[in-house]
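A.B. asks: Got a structure for you, questions after.
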Amino acid sequence: MTPEERVFVQAHSKLLIKSLQRTRTFAEAALDFRKLEAEFVARAGDDEFDVRETRRRIAETILDLAHDKRPPFEVCRDAWNDLVRLGFSGIDLECSMSWFYADCCAYDERPDEGLAVLEPLLAKLDSLLEETKGSGVEYPARLYENELERLGNLRAALEAQKRGEVVPWLETRREDEAAPPMTPEEEQADELYDEFWKAHRAAYKTFRDSKNRSFADISAGYRRVEAEFVARAGEGEAFEDCVGAIKARTAEEILRAACELRAPFQACRDAWDEFVRVGRDKSWMYPMMYVETCLESNEPEAALAVVEPWIAEIERKLQACNEPLRPPGETSVELNRKLKELHELRDKLMAKRSGGEPST
């Protein structure tokens, strides 16, 4: 990455964090990114490649924001058309951006427009996958298979929507507009969480930028922020959910810090136990982080206690992959790959437990 690219990425990341704030409107966020675009296009001068890549990166971000903040459909369509005009830097981004736009179409109950984007892309992916057969190369075939399933699921949902069927997991503008307005308590709880997030992020930046702070110091910093905002929470269901979210975020970051800083294993185990109790992140990142820590700490039993139920969970998810109109989530391609990885990891852990080496 060149120094100029690094400056752009840093400025872009800072704006993205600002734009994702609940109170920030799409129009405000888009204007911020257009200003950033103008600045770096001017800095690129006659470098046509840099100019095009800057415009493309901003167009991708604006479509992403349109998907997140749900402005009027015409705005989403304009964002999509702008990106199509600039072109995609790769098939992976074409798939991601197409998914965002097709989901925008579903949100405004315009299935035909979403299908008009997905159908040719799925045909293209089919053709690309066919070209990889016999090559013996796992990638990019795995990417094509994954996107065929992911985008195919959304196509099926749009087709169902076109037939007038209700797809439970599809959000629509009509349903959102018919929903009762937020109560004052809910608004106050959201404002409290927004304040917590800023304070929590400041604590994270201190952790990230520090070279000498101990895990105990970092954990204490997160706990101080947590205690302050839990104490400020009011009564009622909205505040209960807010407190739950505060505790979950704190537990997630303490686990991350414990593992990354190689804290004593008991501290990592305690952090994991708390994450299991209150954490809300359902990604694979945190369990894998803890399992790797168990391996490094020569604690195979603790790792197996995570890996064994994880394997069972993935096997259940694989069975559900054949269900019609299933909600977005891991594809069978991703699940099978993770299952293979976990089986290999389990073999390694069991060998470590018995004092031997896994068979190959």
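The values are calculated or read from the model by the stated rules, or taken from the named source; none is laboratory data. These figures come from a predicted structure and were not determined experimentally. Cβ atoms come from the backbone with ideal geometry, glycine included; neighbour counts cover every protein chain shown.
A.B. asks: Output the residue which, of all residues in segment 268-288 that are among the hydrophobic types (A, V, I, L, M, F, W, C) and surrounded by 20 or more Cβ atoms within 10 Å (Cβ to Cβ), is nearest to GLU341 (Cα to Cα).
C.D. replies: Top of the filtered list is TRP272.
A.B. asks: Looking at LEU192, is it surrounded by 11 or more Cβ atoms within 10 Å (Cβ to Cβ), farther than 30 Å from GLU237 by Cα, modelled with pLDDT of 95 or more and not acidic (Asp, Glu)?
C.D. replies: No: the conditions fail for LEU192.
A.B. asks: Can you name every residue in segment 1-38 that is in contact with a Phe, Trp or Tyr (Cβ under 9 Å, 6 or more places away or on another chain) and either touching a residue at least 12 places away in the same chain (Cβ under 8 Å) or among the hydroxyl-bearing types (Ser, Thr, Tyr) (or both)?
C.D. replies: Scanning segment 1-38 gives GLU4, PHE8, ALA11, HIS12, LEU15, LEU16, SER19, GLN21, ARG22, LEU36.
A.B. asks: Across segment 166-184, what is the total count of residues that are in contact with an Asp or Glu (Cβ under 6 Å, 6 or more places away or on another chain) and without any contact (Cβ under 8 Å) to a residue 12 or more places away in the chain?
C.D. replies: 0
A.B. asks: What residue, among those in segment 164-204 that are of a type in the set (Gly, Ala, Ser) and assigned to a helix (DSSP H, G or I), is farthest from ASP217 (Cα to Cα)?
C.D. replies: So, considering only residues that are of a type in the set (Gly, Ala, Ser) and assigned to a helix (DSSP H, G or I), the one farthest from ASP217 (Cα to Cα) is ALA178.
A.B. asks: Quick one: in segment 217-231, which of the residues that are of a type outside the set (D, E, K, R) and touching a residue at least 12 places away in the same chain (Cβ under 8 Å) is farthest from GLY244 (Cα to Cα)?
C.D. replies: ILE218
A.B. asks: Let me ask something else about it. Kindly indicate which of PRO140, PRO111 is touching a Lys or Arg at 6+ places or on another chain (Cβ under 6 Å) and surrounded by 12 or more Cβ atoms within 10 Å (Cβ to Cβ).
C.D. replies: Among PRO140, PRO111, only PRO111 is touching a Lys or Arg at 6+ places or on another chain (Cβ under 6 Å) and surrounded by 12 or more Cβ atoms within 10 Å (Cβ to Cβ).
A.B. asks: Please find, among ARG55, ARG22, the residue that is modelled with pLDDT of 95 or more and out of contact with any strand residue (DSSP E or B) (no Cβ under 6 Å at 6 or more places or on another chain).
C.D. replies: Answer to the check: ARG55.
A.B. asks: In segment 220-232, is there at least one residue being under 25 Å from SER13 (Cβ atoms), of a type in the set (Ser, Thr, Tyr), surrounded by 15 or more Cβ atoms within 10 Å (Cβ to Cβ) and modelled with pLDDT of 95 or more?
C.D. replies: Taking every residue of segment 220-232 in turn, at least one turns out to be under 25 Å from SER13 (Cβ atoms), of a type in the set (Ser, Thr, Tyr), surrounded by 15 or more Cβ atoms within 10 Å (Cβ to Cβ) and modelled with pLDDT of 95 or more.
A.B. asks: Oh, and also: Give the number of residues within segment 318-342 that are charged (D, E, K, R), under 15 Å from ASN153 (Cα atoms) and within 21 Å of the chain's Cα centre (by Cα).
C.D. replies: Counting residues in segment 318-342 that are charged (D, E, K, R), under 15 Å from ASN153 (Cα atoms) and within 21 Å of the chain's Cα centre (by Cα) gives 3.
A.B. asks: Tell me the residue from LEU115, LEU83, LEU121 that is at pLDDT 95 or above and within 24 Å of PHE40 (Cα to Cα), please.
C.D. replies: LEU83
A.B. asks: Considering only segment 79-122, state which residues are out of contact with any helix residue (DSSP H, G or I) (no Cβ under 8 Å at 6 or more places or on another chain) and under 18 Å from GLU60 (Cβ atoms).
C.D. replies: ASN81, VAL84, ARG85, GLY90, SER96
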